[in-house]
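See below for the structure under consideration.
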Amino acid sequence: MPKSWNATYSTSGELSPLLNDPELRTIGIGTRIFLGGAQGYVSWNGTQFNTSVPKNTSGIPKSNSATIAVIGDLKKMHTDFIKAGYFEKYGVSIFIGIGIPIPLLDEEMAAFVSIQNEQIETTVFDYGSPEHTTMGTTNYKDLQSGEIQINGKKIRTAPLSSISKARTIAGELRKWISNKEFYLTEPVQLFPTKTSLNKLNIKGE
Amino acid sequence: MKRRYVLTFPPEIVDEPITYNLIRNYDLKINILKAEINPGKEGNLLLEFESEKANLDKGINYLEEKNIACLPIEAKIRFDQQACIHCGSCTAVCFSRALTMHKLSWELIFEPEKCVACGLCVKACPLELFHLDF
Ligand code: SF4
Ligand code: SF4
């Protein structure tokens, strides 16, 4: 925010599925998921999918990285988990609850899913400046504490994704699985590795 | 005790020193948090009163006699709590900390007694759950 008044952050940190499987070993095309209160599927990699972002010592990407495209039957979804939203100066958006089961295939996966908020680092950008200047780094423990320090300055933080909903979704999905209403799937195909984003260069100015 | 009220002045009364009378005659400690007084038009005033309950009641009686509507702040800001998804967007803009996230449940806590009627949450909530009548 302009003049560093506050900082907002998305994802539920240590509960975020993509951060619990940072190598995308179990989440891929065809993975069955909790989608808006119904069962849905991962259909492709999402917009700005980028697996070349540097990772920290815990194996977590240090900035925006993997994203997913999903598909499901809207008529089976529930308004508790899907809502229209409007962000001032941005436009219409959607809040959709997604839960992804991650099978503990081996020790490596067990280590990945035990990730803690302090191990999840991310970059702080100034969206008030036209170039979105990088201001520093922080982690989810600090972000969720309500205050971060950037260049010696204290900045208030606020979430944009609902952590309480994320917990509800995790609980629901667990129930479905233990009631044998939801079966885990192996991805039909894994996501591409080492992808990156190309910039749009504006020519002839 | 401390309580916040919004006073709504009918157009014909905006030139009377109401606040002065409240302080002088009813011994009320007053903090003005927001004011919108336009001569010839209806005016609004957000006040925080600090006083004994008896004096506050007398003061409010006086206001009612003068035809000034006096409503607690929570009656002026409407919030559709049922529909809240606890995303937290509104907590980013609420500098009086009337809106905060519960640190364990991560549910939104709304404490209208801390509200200063700035109206920033009205635009910040992506589900448009706040309505401010000021
Ligand atoms: S009107 Fe202002 S002070 Fe009151 S709750 Fe909304 S943001 Fe907070
Ligand atoms: S921005 Fe709206 S939906 Fe989100 S926590 Fe605040 S009141 Fe609830």
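The values are calculated or read from the model by the stated rules, or taken from the named source; none is laboratory data. Predicted model only: the values in this text are computed from it and were never measured. Reconstructed Cβ throughout: ideal geometry from the backbone, glycine too, with neighbour counts over all protein chains shown. For the accessible areas, the whole protein counts, side chains as well, though only heavy atoms, and no ligand, DNA or RNA atoms are used. Shrake-Rupley method; radii C 1.70, N 1.55, O 1.52, S 1.80 Å.
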The listed residue being within 19 Å of B:LEU132 (Cα to Cα), surrounded by 12 or more Cβ atoms within 10 Å (Cβ to Cβ) and under 17 Å from the mean Cα position of the chain (by Cα), out of B:GLU50, B:GLU42: B:GLU42
Every residue from the stretch A:93-103 that is surrounded by fewer than 18 Cβ atoms within 10 Å (Cβ to Cβ) and within 9 Å of chain B (Cβ to nearest Cβ): A:SER93
Pair list, Cβ under 7 Å, 6 or more apart: the stretch B:42-63 residue of a type in the set (Gly, Ala, Ser), other residue surrounded by fewer than 18 Cβ atoms within 10 Å (Cβ to Cβ): B:GLY43/B:VAL14; B:GLY43/B:GLU36; B:GLY43/B:ILE37; B:SER51/B:ASP27; B:SER51/B:LYS29
In the stretch B:64-81, the residues that are away from ligand 1 (no atom under 13 Å from the Cβ) and within 14 Å of chain A (Cβ to nearest Cβ): B:ASP80
Of all residues making up the stretch B:1-18, the number that are surrounded by 13 or more Cβ atoms within 10 Å (Cβ to Cβ), farther than 16 Å from B:GLU64 by Cβ and under 16 Å from the mean Cα position of the chain (by Cα): 1
Residue among B:CYS90, B:CYS94 that alone is within 11 Å of chain A (Cβ to nearest Cβ), within 8 Å of ligand 2 (Cβ to nearest atom) and in contact with a Cys (Cβ under 7 Å, 6 or more places away or on another chain): B:CYS90
Residues within the stretch A:129-147 that are surrounded by fewer than 18 Cβ atoms within 10 Å (Cβ to Cβ) and within 13 Å of another protein chain (Cβ to nearest Cβ), tallied: 4
Check on A:ILE115, crowded, with 16+ Cβ neighbours inside 10 Å, away from chain B (no Cβ under 14 Å) and part of a loop (DSSP other than H, G, I, E, B): yes
Positions within the stretch A:187-205 being in a loop (DSSP other than H, G, I, E, B) and open to solvent by 100 Å² or more (accessible area, probe 1.4 Å), in sequence order: A:VAL188, A:THR193, A:LYS194, A:ASN198, A:LYS199, A:LEU200, A:ASN201, A:ILE202, A:LYS203, A:GLU205
Residues within the stretch B:58-78 that are in a helix (DSSP H, G or I), surrounded by 12 or more Cβ atoms within 10 Å (Cβ to Cβ) and of a type outside the set (Val, Ile, Thr), tallied: 8
Search result, residues across the stretch B:104-134 that are in a loop (DSSP other than H, G, I, E, B), more than 14 Å from every other protein chain (Cβ to nearest Cβ) and within 7 Å of ligand 1 (Cβ to nearest atom): B:CYS115, B:VAL116, B:ALA117
Residue in the stretch B:35-56 that is in a helix (DSSP H, G or I) and closer than 20 Å to B:VAL116 by Cβ present: yes
Any pair with Cβ under 7 angstrom, 6 or more apart, that starts in the stretch B:101-119 at a residue that is among the aromatic types (Phe, Trp, Tyr) and ends at one that is near ligand 2 (Cβ under 10 Å from one of its atoms) and part of a helix (DSSP H, G or I): B:TRP106/A:SER164
Tabulated pairs, the stretch B:26-41, first within 19 Å of B:GLY59 (Cβ to Cβ), second open to solvent by 80 Å² or more (accessible area, probe 1.4 Å), C-beta under 7 angstrom, 6+ apart or interchain: B:TYR26/B:LYS58; B:ILE30/B:ILE23
Every residue from the stretch B:82-99 that is within 11 Å of ligand 1 (Cβ to nearest atom) and open to solvent by 60 Å² or more (accessible area, probe 1.4 Å): B:PHE95, B:ARG97
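For every residue, the table says whether it meets (1) open to solvent by 40 Å² or more (accessible area, probe 1.4 Å); (2) away from ligand 2 (no atom under 11 Å from the Cβ).
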position	(1), (2)
B:ARG24	yes, yes
B:LYS29	yes, yes
B:ASP80	yes, no
B:MET101	no, no
B:LEU104	yes, yes
B:VAL122	yes, no
Pick from the stretch A:148-186, criterion of a type in the set (Val, Ile, Thr) and within 23 Å of A:ASN45 (Cβ to Cβ), ranking: surrounded by the most Cβ atoms within 10 Å (Cβ to Cβ): A:ILE169
Test result for A:GLU23, within 14 Å of chain B (Cβ to nearest Cβ), within 29 Å of A:THR157 (Cβ to Cβ) and of a type in the set (D, E, K, R): no
